[in-house]
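Before any comments, here is the structure.
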Amino acid sequence: MKGLRSVGILATGSYVPEKVLTNFDLEQMVETSDEWIVTRTGIRERRISSAEQASSDLAYEAAKKALQKANISAEELDMIIVATVTPDTMFPSTACLLQERLGAKKASALDVSAACTGFLYGITTAAQFIANGMYKYVLVIGVETLSKITNYQDRNTCVLFGDGAGAAVLGPVGEGYGFQAFDLGADGSGGPLLSQPAGGSRIPASAESVQQNLHYISMVGGEVFKFAVRVMNAATEKVLQKAGLDKEQIDLLVPHQANLRIIDSAVKRFGLSQDKVIVNLDRYGNMSSASIPVALDEAIEAGRVKEGDNVVLVGFGGGLTWGAALLKWSSKQA
């Protein structure tokens, strides 16, 4: 980001639906147990959107909170980026639906599809527009209603996923603060390991595709797990290197909340104490693109993020994709 305007996260907001789906509830639905789920994932419960709630509804609630905390009106937004794999519709984009609902009349709007890495792709994209002076304020939201595409007869996937939304308002901050480094990556050869097979132009919706359950999440769990452990560590190391920092200088790690064993691997790799890592997947499960911004918002609200802290956001997802960002924290506008 040298030679460009410094960009940071000015405020965050989050929203999760009211309905709670516990491991004990799932015991009544599929052949599983609370002990099995907790031991293998660390998840105890997750939030489920109502039949009436779409992704834009969750995004709207998170966005309102972030804008209020940033003391910025929707009319001041220059751009809205929504990261999601569960859009309200294929088109118009969920970002356009949100733009209209917020009244952000001058904001451009687009969706980003990078699965669980979507929020990281979104903030990396937004930061470039602000750094080069084209825009001043960009709203980035990670939102998912994964319950809408989860097969609750598939015990390998239904225990993992939940719904939620996390929002961040990005803008200019003081020189030397804000984003210090980014790392994004993809490996399309792993696409079939985590996907929603039907609903696009390859397999359009049909009676047959519905009968074959092809509109639900499909995952090869063991392979995704191995990929996740590898890239989470590698992406964190890359942003530290780019920022010229050592692992001992990490003040807070905000990882994608998919599996406690994956997070524990990163904790051990970087020698972090538990107070330097955010974990909330026990309450929410894997919310895909929403997991990192929701976790970050909760960390800020709990007073775990201080001015000048080195904060690392890191995740992986379908695509396959991965990403990381490192900030020297400041929410003070320049």
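So here's what we get for this one:
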read-out: Of residues in the stretch 204-225 being open to solvent by 50 Å² or more (accessible area, probe 1.4 Å) and touching a residue at least 24 places away in the same chain (Cβ under 8 Å), the one nearest to Ala258 (Cα to Cα); value: Phe225
read-out: Residue in the stretch 215-235 that is in a loop (DSSP other than H, G, I, E, B) and of a type in the set (Gly, Ala, Ser) present; value: no
read-out: Failed item in (1) aromatic (Phe, Trp, Tyr); (2) without any contact (Cβ under 8 Å) to a residue 12 or more places away in the chain; (3) buried (at least 16 other Cβ atoms within 10 Å of the Cβ), with Tyr60 passing the rest; value: (2)
read-out: Extreme residue, nearest to Ser147 (Cα to Cα), among residues of the stretch 63-106 that are crowded, with 16+ Cβ neighbours inside 10 Å and among the hydroxyl-bearing types (Ser, Thr, Tyr); value: Thr86
read-out: Tally of residues being surrounded by fewer than 20 Cβ atoms within 10 Å (Cβ to Cβ) and either farther than 19 Å from Thr117 by Cα or charged (D, E, K, R) (or both) across the stretch 244-261; value: 8
read-out: Leu253 vs. criteria hydrophobic (A, V, I, L, M, F, W, C) and farther than 22 Å from Pro172 by Cα; value: yes
read-out: Condition broken by Gly303, with the remaining ones in (1) in a helix (DSSP H, G or I); (2) open to solvent by 40 Å² or more (accessible area, probe 1.4 Å) satisfied; value: (1)
read-out: Yes/no for Asp264 being touching a residue at least 24 places away in the same chain (Cβ under 8 Å) and either of a type in the set (D, E, K, R) or open to solvent by 10 Å² or more (accessible area, probe 1.4 Å) (or both); value: no
read-out: Pair list, Cβ < 7 Å and 6+ apart or interchain, from the stretch 90-104 residues that are in contact (Cβ under 8 Å) with a residue 40 or more places away in the chain and within 13 Å of Ala54 (Cα to Cα) to residues that are open to solvent by less than 20 Å² (accessible area, probe 1.4 Å) and assigned to a helix (DSSP H, G or I); value: Thr94/Ser55; Thr94/Ser56; Thr94/Ala59; Leu97/Ser56; Leu98/Ser56; Leu98/Ala59; Leu98/Ala63
read-out: Residue satisfying condition, being touching a strand residue (DSSP E or B) at 6+ places or on another chain (Cβ under 9 Å) and either of a type in the set (Phe, Trp, Tyr) or not in a loop (DSSP other than H, G, I, E, B) (or both), within set Ile72, Ile81; value: Ile81
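The values are calculated or read from the model by the stated rules, or taken from the named source; none is laboratory data. The model shown is predicted, which means the values in this text are computed figures rather than measured ones. Don't worry about glycine lacking a Cβ; one is built from the backbone with ideal geometry, like all the others, and counts go over all protein chains shown. Quick note on the areas: whole protein, heavy atoms, side chains included, nothing else; ligands and nucleic acids left out. Shrake-Rupley method; radii C 1.70, N 1.55, O 1.52, S 1.80 Å.
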